[in-house]
Amino acid sequence: MALLALSLVLCALISLSDSACFHQLPVAGATHCIDSEDNSQYPLGSTWRSNGCMRCTCSTRGMRCCDMMGKVVKIHTEGCTVEYDYRKCSFEVFHTKDRNIKCQYGATGK
């Protein structure tokens, strides 16, 4: 019973540590990985940043991608909006009438 409880705790910790990542298993005999955002091919052993701000690696074990930028999940201040910059992998939360007004928000990820 103790072993089962320990296993559940470890699974929960692993899940939390990879909350902004995904892993895609390789195709048998593959020599490259395919970025699903733009269908670019990357050779085994390569690392790249996708157009959607994911840091991806390609290996014989498959492709692993992790978010490089957080995502706003809730804006608490009325009149505020979020703007994502995928070239810089950053975001800004601002008031639509005056960017100097502070906005409170909740974010997830990196």
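The values are calculated or read from the model by the stated rules, or taken from the named source; none is laboratory data. The structure presented is a predicted model; accordingly, all values stated were derived computationally and were not measured. Heads up, the Cβs are rebuilt from the backbone with ideal geometry, glycines too, and the neighbour counts pull from every protein chain shown. Please note that ligands, DNA and RNA were not included when accessible areas were found on the heavy atoms of the full protein model with its side chains. Shrake-Rupley method; radii C 1.70, N 1.55, O 1.52, S 1.80 Å.
List pairs: first residue in segment 17-42 and under 10 Å from residue 56 (Cβ atoms), second residue at pLDDT 90 or above and aromatic (Phe, Trp, Tyr) anywhere in the structure, Cβ distance under 6 angstrom, at least six positions apart or on different chains.
From segment 17-42, the pairs are 33/42; 42/48.
Looking at the structure I just gave you, is residue 68 closer than 30 Å to residue 99 by Cβ and either surrounded by 11 or more Cβ atoms within 10 Å (Cβ to Cβ) or out of contact with any strand residue (DSSP E or B) (no Cβ under 9 Å at 6 or more places or on another chain) (or both)?
Details: closer than 30 Å to residue 99 by Cβ: yes; either surrounded by 11 or more Cβ atoms within 10 Å (Cβ to Cβ) or out of contact with any strand residue (DSSP E or B) (no Cβ under 9 Å at 6 or more places or on another chain) (or both): yes.
The answer is yes for residue 68.
If you go through segment 54-70, how many residues are free of Cβ contacts under 8 Å to residues at least 12 places away in the same chain and more than 30 Å from residue 92 (Cα to Cα)? Break it down into steps so the answer makes sense when it comes.
Let us first name the residues in segment 54-70 that are free of Cβ contacts under 8 Å to residues at least 12 places away in the same chain, namely 57.
Add one more test, that the residue is more than 30 Å from residue 92 (Cα to Cα), and what stays is none.
The number of residues fulfilling the criteria is 0.
What residue, of 73, 93, is surrounded by fewer than 17 Cβ atoms within 10 Å (Cβ to Cβ) and more than 21 Å from residue 24 (Cβ to Cβ)?
On the way: 93 fails: surrounded by fewer than 17 Cβ atoms within 10 Å (Cβ to Cβ).
Only one candidate qualifies: 73.
Could you check segment 29-53 and list, in sequence order, the residues that are open to solvent by less than 30 Å² (accessible area, probe 1.4 Å) and closer than 30 Å to residue 95 by Cβ? Break it down into steps so the answer makes sense when it comes.
To start, the set of residues in segment 29-53 that are open to solvent by less than 30 Å² (accessible area, probe 1.4 Å) comprises 33, 35, 46, 48, 50, 52-53.
The answer is 52, 53.
Residue 19: open to solvent by 70 Å² or more (accessible area, probe 1.4 Å), modelled with pLDDT under 95 and not in a loop (DSSP other than H, G, I, E, B), yes or no?
Numbers: open to solvent by 70 Å² or more (accessible area, probe 1.4 Å): yes; modelled with pLDDT under 95: yes; not in a loop (DSSP other than H, G, I, E, B): no.
When the stated conditions are applied, residue 19 does not pass them.
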